[in-house]
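What follows is a short report on a single structure.
The values are calculated or read from the model by the stated rules, or taken from the named source; none is laboratory data. Every value quoted in this text rests on a predicted model; they were computed, and no experiment measured them. Heads up, the Cβs are rebuilt from the backbone with ideal geometry, glycines too, and the neighbour counts pull from every protein chain shown.
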Amino acid sequence: MASQAESQGAKFFGKDNPFELRVLENNAASATDDDLLKAAEYLESIFGDSHAWCGGWAMRLRGSERHTEDLDIVIQAPSTANIWEKLRPHSRITLYYHKQILEEGGDQFKIFVDSHDKQLVCVDVILAGRLETPTLETQDVVEVVTPAETLTGAEGKKRVMSLRWQVRQKLHAIATRRKDTDCTDLVWLIETYRTEIGGWIQDEVKDRRETFFRWFYDNEMDDDEVDAMKQYLGLEGDQR
């Protein structure tokens, strides 16, 4: 298993055993909301105002009840290698051993956080400004929210990607990987923030709006709802 770093710092995986990542991922698949919350708070203490949550965890913080098995965090930093170095002193972190790969450039990397009692949480670390994310120094790209009551045990304010960037990321994900969960997440966002999102969603990339609408058309049985969504997305003149 992952080897312990010097001075009780981070552990490492991937040095000798090519199957080690799979073992860690299998462990992390058992993580509960409480595990995710503890891991998230640990990372918040490390990165402070240089982070924002995105993906499924940001949805949970906003009130979505869809379970997510991992965390997605955007970090403002010079490089992924710089983030790796910042994580290295922390004993609850497990890092990929070969840092030199990050030094050659990269947009994201995977880590594991020990939430408690050796239960790991998988975290995708994304460099701000890459992979359909903005730099966090840009105005109005981060929102500070109070965690939803559905997320038991969450305390204090949390930094999440702005609503517009979350919608934009979902539209991008739907257009590229087409997972049903991305589509249902976007439906939830629209239902929850209908007026706010309606003020600008028609300015988002048309091809992406069309891809989402095709999924909605195939999965929504109510014709009135389909017509309303088509109008909401600014696609009234398009053929179904």
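Here is how the numbers come out for the structure above:
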read-out	value
Residue within the range 106-116 that is of a type in the set (Lys, Arg) and under 20 Å from Asp35 (Cα atoms) present	yes
Identity of the residue in the range 96-122, modelled with pLDDT of 95 or more and in contact with a Lys or Arg (Cβ under 7 Å, 6 or more places away or on another chain), that ends up farthest from Ser45 (Cα to Cα)	Cys122
Pairs, first within 16 Å of Val123 (Cβ to Cβ) in the range 14-32, second among the charged types (D, E, K, R) and at pLDDT 95 or above, C-beta under 7 Å, six or more apart	Ala28/Asp70
Residues that are in contact with a helix residue (DSSP H, G or I) (Cβ under 8 Å, 6 or more places away or on another chain), at negative phi and not in a strand (DSSP E or B), drawn from the range 107-132	Asp107
Scan of the range 85-130 for residues that are within 23 Å of His67 (Cβ to Cβ) and either hydrophobic (A, V, I, L, M, F, W, C) or in contact with a His (Cβ under 6 Å, 6 or more places away or on another chain) (or both), ordered by number	Ile111, Phe112, Val113, Leu120, Val121, Cys122, Val123, Val125, Ile126
Flag for Ala175 being within 23 Å of Thr32 (Cβ to Cβ) and of a type in the set (A, V, I, L, M, F, W, C)	no
The range 61-84, subset of a type in the set (Gly, Ala, Ser) and within 24 Å of Asp182 (Cβ to Cβ), residue surrounded by the most Cβ atoms within 10 Å (Cβ to Cβ)	Ser64
